[in-house]
Amino acid sequence: MRILVVEDEKGIANFLRDGLKEEGFAVDVAVDGKNGLLLSRENEYDIILLDWMLPGMSGIEVCREIRKKNSSVPIIFLTAKDTVQDTVFGLEAGANDYIKKPFAFDELLARIRVQMRTGSSEISTLTVGAIEMDILTHTVRKDNTEIPFTQKEFALLEFLLRNKNAVCTRTRIIEHVWDIHFDADTSVIDVYINSLRKKLTTKDGKDHIQTVRGVGYMIRDV
Ligand code: CA
């Protein structure tokens, strides 16, 4: 899942980027409103963390511009403003949630997870066949045995599972699992898919990942 962080305070931006990457997210950072808006239009994000007070263009303005384009990407405001009036103002501008600075990283993570599950009924477990992924504890089990996963493998599997039984094009996989620094060498995806296959193929030889020639991949209940 890919996140855009729009935050002008370097310390906070770095803290968020590093923390979110550790959780397996692909993260892009913009340090002002204009760049944030630009990135939000260039890439397909799963969530946007938007600071309120930004140089040039405020978070509120950025939020309004994003909503003008009919984008429904979840937006969480990061704000030092905490009066009821300001909060209402932020939500009216089209934000889905807000969190007051300073905040605990775990609380932010919990709010991100809430936004990401809106629209689908799953809570914290994604499954296919005998494979079970727990988003909160970052564990993957096959036939009830835990299998070690790298962060990228986890992120890729999470994306495939969230789109279970639907084809994920290579472009969408790159958009949602890798960040802006990803170079155009899409064979990296194949390497990760191979490693997922090795780890996930069940004892009876069941491979849930289907290659869709020339398009991408699909994970399905077979
Ligand atoms: Ca700021």
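Tabulated results
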{"read-out": "Computed label-point distance, nm, for sites D18 and K164 using a 7 Å Cα→Cβ extension", "value": "3.6"}
{"read-out": "Contact order normalised by residue count of region 2-119, Cα under 8 Å, 6+ apart, percent", "value": "22"}
{"read-out": "Dmax and Rg, reported as Rg then Dmax, of the chain (C-alpha, Å)", "value": "18.3, 59"}
{"read-out": "Dipole in debye (nearest 20) - region 74-115, about Cα centre, beta carbon charges: Lys, Arg +1; Asp, Glu -1", "value": "100"}
{"read-out": "Hydrodynamic radius by Kirkwood, which averages 1/r over all alpha carbon pairs of region 100-186, in angstrom", "value": "14.6"}
{"read-out": "Listed residue (L78, T139, L16) projecting farthest to the positive dipole end of the chain, Cβ model", "value": "T139"}
{"read-out": "Length released on extending from E92 to R141, taking residue separation times 0.36 nm less the Cα-Cα span", "value": "13.5 nm"}
{"read-out": "Out-of-range pairs (alpha-carbon distance over 30 Å; input K10/K142; K10/K198; K152/K206; K21/K203)", "value": "K10/K142; K10/K198; K21/K203"}
{"read-out": "Nearest-0.05 FRET efficiency for K68 and V188, computed from C-beta distance (R0 41 Å)", "value": "0.70"}
{"read-out": "Structure-based [θ]222 nm, the chain - -39500 (n - 2.57) summed over DSSP H runs of at least 4, per residue, nearest 500", "value": "-12000 deg cm²/dmol"}
{"read-out": "Test item: Cα-centred dipole of the chain, Lys/Arg +1 and Asp/Glu -1 on Cβ, debye", "value": "660"}
{"read-out": "Linear extension gain, V84 paired with E42, 0.36 nm per residue minus alpha-carbon span", "value": "11.8 nm"}
{"read-out": "Theoretical FRET efficiency, 1/(1+(r/R0)^6), r = Cβ-Cβ of T171 and S195, R0 22 Å, to 0.05", "value": "0.60"}
{"read-out": "Ordering of 45-56, 4-15, 163-174 by burial proxy (mean other Cβ atoms within 10 Å per residue, highest first)", "value": "45-56, 4-15, 163-174"}
{"read-out": "Total charge dipole magnitude, region 125-219, about the Cα centre, Cβ charges on Lys, Arg, Asp, Glu only, Debye to nearest 20", "value": "320"}
{"read-out": "Paramagnetic reach from R117 in region 67-111 [backbone N under 16 Å; point 7 Å along Cα→Cβ]", "value": "107-111"}
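Rule-based calculations on the coordinates, nothing more; no lab input. What you are looking at is a predicted structure, and each value in this text was computed from that prediction instead of being measured. No Cβ is skipped: glycine too gets one built from the backbone with ideal geometry, and neighbour counts run over all protein chains shown.
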